[in-house]
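Accompanying notes for the structure given below.
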Amino acid sequence: MKDPFGTDKFLSLDFDTSYGEAEQWQGALKNEEGADTVARERSGDAARTRFFVIAILVLFLILVTRLMVLQIFGAAENAALAEGNRVRSIEIAAPRGVIYDAKGGIVARNTPNFEVRVVPIELPRQKAERERAYRTLSEPLQLSPAEVRKRAEEKGLDYGQPVLIADGLPRENSVLLRLRATDLPGVVIQNNPRRQYADTDLYAHLLGYVGKVSAEDLKKDQTLRRNDYVGKSGLERVYQGQLSGEPGERRLEVDAQGEVIKELQSNDPVPGRSVQLGIDPKLQKVMHDAVDNGIKSSRRGLASGGSAIALDPKTGTVLGMVSLPSFDNNDFVDGVSQAKYKELSGNPDKPLFNRPISGEYPPGSTFKIVTVAGALAEGVVSPDDYLASPPSIDVGGAKFVDWKEDGHGSVNAARALAVSSDVYIYKVSGGFEGESDGLGVDKLGDYMRQFGIGTPTGVDLPDEQDGLVPSPSYKKAAFDEDWYIGNTYQMGIGQGFVLATPLQVATYTAAIANDGIAYKPHLAKAFLDSANKRKRTAVEPEPLVNLKVDREVIETVQQGMRDAVDSGTAVDLKDMPVDVCGKTGSAEFANETNAHAWFTAYAPCDDPRIVLTVMIEGGGEGSDVAVPAAKRIFESFFDVQAPSPKPSPGGGD
C-alpha cells in the first residue's frame, strides 16, 4: 500500500542507521585522541571567558574613576568651564585719575581709546566663516586680513580670553565697526582710555608716562591685568595705586555662536583718585625759560643741560622743578618706536635724564654753607673770629689757591660766605698752622649727613640718587690711595669727591632758611576723591632735616647769605624789591676745563616763601649764568620787575 503522507521518499534517504554503525561511532568518541581534542576545546573557551570578564572589569574601573574625577575632584573647574561657555565677562577699564597743577589746570588727562578684541574660542569654527570675519575687520582697522588672522589666532582658537587686535581707533571707525560686527561672533569693541600729557617740555620728567602692562610688570604686581596701562616713570609710577582705580565688569550671557542673549550683571568701575600738584604753571614756565636761556648764554657755549628747583621752605611743597633738555612723554604711551628711543637715549645731552634728582654733581661753593655751619657748631671758629684770606696757602709744598687772585684780606664767617673765600674754608675745614685746627674729614662728613647729603630726600619721584659723603675709607676702596689734607680742603669747598643732587642743595638751603628745619620735598599737594573733587586729602609736611646747632650758628650763615647779595658774589640781585639771601657756586669738573654754575637762595630773607636752586651744567661762573636765571624766576614769583642790574664787582663764584 502506498504511504498516504509521502514519507516513502523521506524513508528512502541514503544514510546508514544500523546498530553496528552507531556502535562504531560511540567507540570513536571514547578513544584517547578524541578526548584530548574535546578537553583542549573546553579549556580554550574558559580562557577566553576569563579574558573578557577581566577586560570588562578594567573598563568599568576606568569609567568609574573618570566619573569621580569629573564629578567630584574637578567639579568646580568644570562648572567654571561650563559657565565660561555661555557667559562672557567684559572688563570695563577704570578712568585713571587726572593730574592737576596748583591752579587747577590739567597736565595729565584721559582721552578715548577704542580697542578691538576677539575671543578666539567664540570665533566661527568653519575656516571660511572666520576668514569672512577677518575681512570685515580688516578695512576699518587698516590691517590686512592675514594680519588680523595672525593676531586673533596667535594663542590658538581654544583660547577663552579677549585678545587685542587693534587700538587707537578714531571714533568714526569704531562706530562703523560696531555696525559691521553685530553678526561677527567673538568680536568685542570697547573704550580703554589713553593717557595724554600737556606742556611736555615743562612736565615730562615730573609726570613720567604710562604704558601697556608688560610681562615684567605682571610678575611684580599680581593685581595687574593684561589689558592694563600702568605708570612706568615719574609721578605716574609713584602714584600708580592711587591713580589707577578699580575696573568694572559686564557679564553677558551668549549663545553657542557668541551672540549676546542678555546682560547678567554690571559693576561700574571706580575711577582713580586725582592728584593736585603744588607746581605753579606760570612759575614752571618761567623757570623753564630761564634755565634754557642760561644754557644758551653759557660761557663758550659748553653747557649741556640744566635744572631749577623751587620749594616752599615751610612745607616742602615743590613749587617748580625743571630739567633740560626734555622730551615728549606722549611718545611713550603706546610704546616708543625703536628709532625714537635710540634717538633719545643716544643724545649726548641726555634728555631722558631727570637732573634735579638723579644728577650727582660737585656742589661747589654752595656747599660752604655746610662747612661754615659745622665749623661754627663745633667751635672751630666763632662768628666774630677773623682769619686771613690771602691769595693762597702752602701745605707740605702744595699750594692751595683762592678763586680771587689777590685774596680777600681778613674775613669772619659771614663775610667768608658773602665773598666765597676759599682760603677761609680751607682753614676751618682742614686746619692751618695753628690758626685753626679745622673741622676734619669725619666731622665734616657728619654735618653733610645732618644736612641731608648721602641719602635720598624721599621726594615722590623714582630714581633719586644719594649724593656722596667722601671719607678716607671711600678713597682707599675706590682708588687705593690715602687721604691727605688737600682732600679735606677740596671737600670743604664742595669739590673733590663731594657729590650732591640739585634737590639736596635746595634742601640744605631750606634748612638755613627755615631756622634749622627742612621738610621732605613733595610734588603732590593733595589727593582728590574720584566721586567728590571737593573731598581733598592734603599731603602733610614731614620734617627731613633738623639741625642740632645753636641759633647763633644759623643766624651767622643767614647773614652771610644776605651779605652775598648786598655786597658779595650775588650783587646782581641787590636791586630786587624783595630781600634775597643766596650763595653762588662754581664747581670744576672734566679735568677743570669748565665749571658747573650754581646759585641757591631764599626770599624774603626775614620770612622765606621760596627756596630756589639753579644749576647750569658746564655753565661757568654761578654769578654770570645762574644768578641771572634766578633773578628772572624771583621776579615772576613775586610779580615784580627789578631795575636793570649794575655790573658785578669782579664776578666770582
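The values are calculated or read from the model by the stated rules, or taken from the named source; none is laboratory data. The structure presented is a predicted model; accordingly, all values stated were derived computationally and were not measured. Every residue, glycine among them, receives a Cβ derived from its backbone with ideal geometry; neighbour counts consider all protein chains shown.
Report yes if some residue within region 436-443 is among the acidic types (Asp, Glu), within 40 Å of the chain's Cα centre (by Cα) and either outside the structural domain of GLY492 (by TED's automatic domain parsing) or modelled with pLDDT of 95 or more (or both); otherwise report no. Don't jump to the end; show me each part of the working.
Filtering region 436-443 for residues among the acidic types (Asp, Glu) gives 437, 442.
Filter once more, so that each one left must be within 40 Å of the chain's Cα centre (by Cα): 442.
When the remaining residues are screened for being either outside the structural domain of GLY492 (by TED's automatic domain parsing) or modelled with pLDDT of 95 or more (or both), the result is 442.
Yes, some residue in region 436-443 is among the acidic types (Asp, Glu), within 40 Å of the chain's Cα centre (by Cα) and either outside the structural domain of GLY492 (by TED's automatic domain parsing) or modelled with pLDDT of 95 or more (or both).
Return yes when ARG117 is surrounded by 20 or more Cβ atoms within 10 Å (Cβ to Cβ), outside any helix (DSSP H, G or I) and at pLDDT 85 or above and no when it is not. Spell out the reasoning first.
Details: surrounded by 20 or more Cβ atoms within 10 Å (Cβ to Cβ): yes; outside any helix (DSSP H, G or I): yes; at pLDDT 85 or above: yes.
Judged against the criteria, ARG117 is a match.
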Which numbered condition ALA626 fails, given (1) touching a Pro at 6+ places or on another chain (Cβ under 8 Å); (2) modelled with pLDDT of 95 or more; (3) crowded, with 18+ Cβ neighbours inside 10 Å: (1)
Residue within region 478-501 that is surrounded by fewer than 24 Cβ atoms within 10 Å (Cβ to Cβ), in contact (Cβ under 8 Å) with a residue 12 or more places away in the chain, of a type in the set (Gly, Ala, Ser) and part of a loop (DSSP other than H, G, I, E, B) present: yes
Among the residues of region 135-153, are any loosely packed, with under 14 Cβ neighbours inside 10 Å and on the phi > 0 side of the Ramachandran plot? yes
Tell me which of these PRO185 doesn't satisfy, since it passes every other one: (1) more than 16 Å from LEU352 (Cα to Cα); (2) in a strand (DSSP E or B). (2)
Inside region 195-239, can you point out the residues that are at pLDDT below 95, in a helix (DSSP H, G or I) and within 21 Å of GLU115 (Cβ to Cβ)? ALA215, ASP217, LEU218
Which residues, taken from region 129-152, are small (Gly, Ala, Ser), modelled with pLDDT under 90 and either farther than 17 Å from GLY168 by Cα or out of contact with any Pro (no Cβ under 7 Å at 6 or more places or on another chain) (or both)? ALA133
Going through region 347-372 one residue at a time, which ones are buried (at least 23 other Cβ atoms within 10 Å of the Cβ) and part of a helix (DSSP H, G or I)? ARG355, PRO356, ILE357, GLY364, SER365, THR366, PHE367, LYS368, ILE369, VAL370, THR371, VAL372
Checking ALA215 against (1) out of contact with any helix residue (DSSP H, G or I) (no Cβ under 7 Å at 6 or more places or on another chain); (2) among the small types (Gly, Ala, Ser); (3) farther than 21 Å from LEU352 by Cβ; (4) touching a residue at least 60 places away in the same chain (Cβ under 8 Å), which test does it fail? (4)
Against the condition on the phi > 0 side of the Ramachandran plot and under 23 Å from the mean Cα position of the chain (by Cα), how does GLY301 come out, does it pass? no
